[in-house]
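Take a look at the structure below.
The values are calculated or read from the model by the stated rules, or taken from the named source; none is laboratory data. What you see is a predicted model, and the numbers here were worked out from it, not measured in a lab. Glycine also receives a Cβ, built like all others from the backbone with ideal geometry; neighbour counts cover every protein chain displayed.
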């Protein structure tokens, strides 16, 4: 069972965005158990993409199971980064989900926009 960790955030001061990205981007080299890792700045101008909130950055990472995710969350390197950057966040959201074994093969049904109401 693969578990995906999704983290969306905005910073209070846009000048600090690159610093937050750089600090988070260093975690994969320090923490074992990560299967996949992607991090970056939101691109595009999708209206209402986040309801009333607009998140400027996103991070996703995959783990073998929930125990590996918990190890990541509790790792001293992760905790140190969180302690430094948490005061910089304006807003954030986190979701952890279990991916189906064939998650890469799941397709949006024909005629569906893939959008949620």
Exercise for the section: Look through 96, 45 and report the one residue that is more than 22 Å from residue 3 (Cα to Cα) and either part of a loop (DSSP other than H, G, I, E, B) or in contact (Cβ under 8 Å) with a residue 60 or more places away in the chain (or both). Expected result: 45
Practice task
Could you check residue 68 against (1) surrounded by fewer than 15 Cβ atoms within 10 Å (Cβ to Cβ); (2) in a helix (DSSP H, G or I) and say which number it fails?
Solution key: (1)
Handout entry: Residue list for region 84-93, restricted to those being part of a strand (DSSP E or B) and either loosely packed, with under 14 Cβ neighbours inside 10 Å or without any contact (Cβ under 8 Å) to a residue 60 or more places away in the chain (or both)
Key = 93
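Yes or no, residue by residue, for (1) at pLDDT 95 or above; (2) closer than 21 Å to residue 85 by Cβ; (3) loosely packed, with under 15 Cβ neighbours inside 10 Å:
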| site | (1), (2), (3) |
| --- | --- |
| 23 | no, yes, no |
| 29 | no, yes, yes |
| 32 | no, no, yes |
| 36 | no, no, yes |
| 44 | no, no, yes |
| 55 | no, yes, no |
